[in-house]
Amino acid sequence: MPKLAQDLLPIINHKLDAVVPSDIRRFDKYVSQFDDVVKLTLGEPDLNTPEHIKQAAIRDIENNDIV
């Protein structure tokens, strides 16, 4: 690891400790303790991406379409 990064690590870690979780993260943690609750809080779908969406993404990437 570069020396500069090593020097910054304690500063960064200290600042991260001060970050307060958002309300949605706290709510997600709360509802995660219940087995019989379907969580729709953090956008974690277990569905496959539709084929037309995947193909559109591939087409846009190949055409360098950034919009």
Would you tally the residues in segment 52-67 being open to solvent by 100 Å² or more (accessible area, probe 1.4 Å) and either in contact with a Leu (Cβ under 7 Å, 6 or more places away or on another chain) or in a helix (DSSP H, G or I) (or both)?
-> 4
Members of segment 20-50 found to be at pLDDT below 85 and open to solvent by 70 Å² or more (accessible area, probe 1.4 Å), listed by number | VAL38, LYS39, LEU40, GLU44, PRO45, ASP46, LEU47
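The values are calculated or read from the model by the stated rules, or taken from the named source; none is laboratory data. Just so we're clear, the structure is a prediction, and the values are computed from it rather than from any experiment. Cβ sites come from the backbone with ideal geometry, for glycine too, and all protein chains shown count toward neighbours. When the accessible area is computed, the model is the full protein with side chains, heavy atoms only, and any ligands, DNA or RNA have been set aside. Shrake-Rupley method; radii C 1.70, N 1.55, O 1.52, S 1.80 Å.
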